[in-house]
Amino acid sequence: MLMKVLKRLSQGARYSNKIMAKELGIDEGMVEQIILQLERMGYIEAEEMATCSGGCDCGSSSKKGSCCNTSNVDIKMWKITSKGRETALTVK
């Protein structure tokens, strides 16, 4: 399941944990745990953002790896590392 999530993230589309959980048939909490494990393993990393880039005018600044939308929900952004990209290419 870990590699399925990595493959999904490597495809470049934006996914919420809820959508990914539904597509993979697993619990949202499981998706969150898998993402944290992928980060610990060096396959993904939090996106460095100097300020909120969501255009939501939330006033958020220097929130590394997250952004606040108009409903005041923190959104974690992830990017695939070179190690993650190489590994995702081998996942069927």
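Looking at GLU86, is it open to solvent by 30 Å² or more (accessible area, probe 1.4 Å), modelled with pLDDT of 85 or more, acidic (Asp, Glu) and in contact with a helix residue (DSSP H, G or I) (Cβ under 7 Å, 6 or more places away or on another chain)?
Answer is no for this residue.
Identify, please: which residue in segment 1-25 is in a helix (DSSP H, G or I) and out of contact with any helix residue (DSSP H, G or I) (no Cβ under 7 Å at 6 or more places or on another chain) and is, among those, nearest to GLU45 (Cα to Cα)?
LEU9
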### Message
I'm checking my understanding of the structure. Among residues of segment 27-50 that are under 23 Å from LEU89 (Cβ atoms) and among the hydrophobic types (A, V, I, L, M, F, W, C), which one is surrounded by the fewest Cβ atoms within 10 Å (Cβ to Cβ)?
### Response
LEU36
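The values are calculated or read from the model by the stated rules, or taken from the named source; none is laboratory data. From a predicted model like this one, the values you see are computed outputs, not experimental measurements. Counting neighbours? That spans all protein chains shown, and the Cβs are built from the backbone with ideal geometry, glycine included. Only protein heavy atoms, including side chains, enter the accessible area calculation; ligands, DNA and RNA are left aside. Shrake-Rupley method; radii C 1.70, N 1.55, O 1.52, S 1.80 Å.
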